[in-house]
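Before any comments, here is the structure.
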Amino acid sequence: MSDRIRDDFQRQALACEALGSPFTSRVCRLLGERLNGTSRFGARVLGWQGRPDSDALPLRAAGGFHALKRRGVSELVAAYPPNEVDDGALWRALEAAIAGHDDFLTGFLDSAPQTNEVSRSSAILGAVLHIAKRTGLPLDVYEIGASAGLNLGFDAYAYELGSARWGDAASPVKIVSEWQGALPPLDAELHVASRKGSDLNPLDASDEGQRERLLSYIWPDQTARLARIEAALRETAHMGVKVERADAAEWVEREFAAPGVESRARVLMHTIMWQYMPRETQARIETAMERAGAVATKDAPLAWISVEADAKDAMSACVRLRMWPEGTDEELGRADFHGRWVRWG
């Protein structure tokens, strides 16, 4: 199994490089090449009981080291950005961290990464504006895999979509995405009447320890991204957004069991989380949404937004919108996994 795991660290290294984090790429590559089983951390990684790809094992491991760096572990502070060191010095720093913090790093592997990438809100906004334009109704928004709920507050942020602008220019959270193709209907009247979220392991944006957990998964050489998510955490805490601890299928089945409220549109959304769920869970959500769609009406419509990886392009996500009672299913566009760009149409 260890060869497969080492290969997955190399795969993740290539993905990090492509997504603009050469430093995290180096961490993943070095761990894949040089980690051994003499520590509890190394033994657990190399003997991982599960699927290293769908479990995001390399990012769990990299997040543990970044968490230690943010706590001020001197060897990592000296080797991490903004400092620049060669691979030899970086590996020695990682080895020292393993030796000094083996239990912490081993325990950090327990939870899957939750980057809660707030820049994905640009793709969410585009899809939601289409729903608002088509229905002309206030929206009840539901998110699965919501983590700390940062994307649930998408309508409070300021956006630069290429040359276009949308939202409150004074917002401390500014989403900048290179926008390719036609713009969504930026003039649509958008009103979010309610918002709810669920996650298997929800994070509280007002809790310092949980904020640090989330920030540890943000790649340390992407300083603008770190600052943006820190601002979004503060804004989410101020808004009082809370995410319920629940299994995604059970939550969708419960929340969408009854018909929608008249003169409101219900919207389910999720971003870069579908691939981490068991196929059985996916099937239950699909069934629950089809059942809810069957009783949707023009006055109480239903929409489903997904921004998820697919087989079409391994380096971007499909922005998909399904709506009932029309029964439409369309690909609105594609988006960078971290929201750096959106290609519409």
**Prompt:** Does segment 53-65 contain at least one residue that is surrounded by 14 or more Cβ atoms within 10 Å (Cβ to Cβ), closer than 24 Å to ASN116 by Cβ and touching a Lys or Arg at 6+ places or on another chain (Cβ under 7 Å)?
**Reply:** no
**Residue within segment 321-339 that is surrounded by 13 or more Cβ atoms within 10 Å (Cβ to Cβ), in contact with a strand residue (DSSP E or B) (Cβ under 8 Å, 6 or more places away or on another chain) and among the β-branched types (Val, Ile, Thr) present** = no
**Prompt:** Does at least one position in segment 19-31 carry a residue that is surrounded by fewer than 19 Cβ atoms within 10 Å (Cβ to Cβ) and at positive phi?
**Reply:** yes
**Matching residues in segment 219-241 - criterion: being crowded, with 17+ Cβ neighbours inside 10 Å, touching a Pro at 6+ places or on another chain (Cβ under 9 Å) and charged (D, E, K, R)** = ASP221, GLU235
**Asked** Can you find a residue in segment 220-237 that is in a loop (DSSP other than H, G, I, E, B), of a type in the set (Val, Ile, Thr) and assigned by TED's automatic domain parsing to the domain that holds ALA146?
**Response** no
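Condition check ((1) in a loop (DSSP other than H, G, I, E, B); (2) under 23 Å from the mean Cα position of the chain (by Cα); (3) surrounded by fewer than 19 Cβ atoms within 10 Å (Cβ to Cβ)) across all residues:
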site	(1), (2), (3)
VAL85	yes, no, yes
GLU95	no, no, yes
GLY107	no, yes, yes
SER121	no, yes, no
**Request:** State all residues of segment 234-278 that are among the aliphatic types (A, V, I, L, M), free of Cβ contacts under 8 Å to residues at least 40 places away in the same chain and more than 21 Å from ARG120 (Cβ to Cβ); if no residue qualifies, say none.
**Result:** ALA249, ALA257, ALA258
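Restricting attention to segment 69-83, and to residues there that are assigned to a helix (DSSP H, G or I) and over 17 Å from CYS28 (Cβ atoms), which single residue is nearest to the chain's Cα centre (by Cα)?
The qualifying residue nearest to the chain's Cα centre (by Cα) is ARG70.
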**Message:** Which of the strands (runs of 3 or more DSSP E) found entirely inside segment 124-216 contain at least 1 residues meeting this: in contact (Cβ under 8 Å) with a residue 60 or more places away in the chain and crowded, with 19+ Cβ neighbours inside 10 Å?
**Reply:** 139-144, 158-161, 174-181, 192-199
**Message:** Any residue at all in segment 287-302 that's assigned to a strand (DSSP E or B), at pLDDT 95 or above and within 21 Å of the chain's Cα centre (by Cα)?
**Reply:** no
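The values are calculated or read from the model by the stated rules, or taken from the named source; none is laboratory data. These numbers were taken from a predicted model, which means no experiment stands behind them. We place every Cβ from the backbone using ideal geometry, glycine too, and count neighbours over all the protein chains shown.
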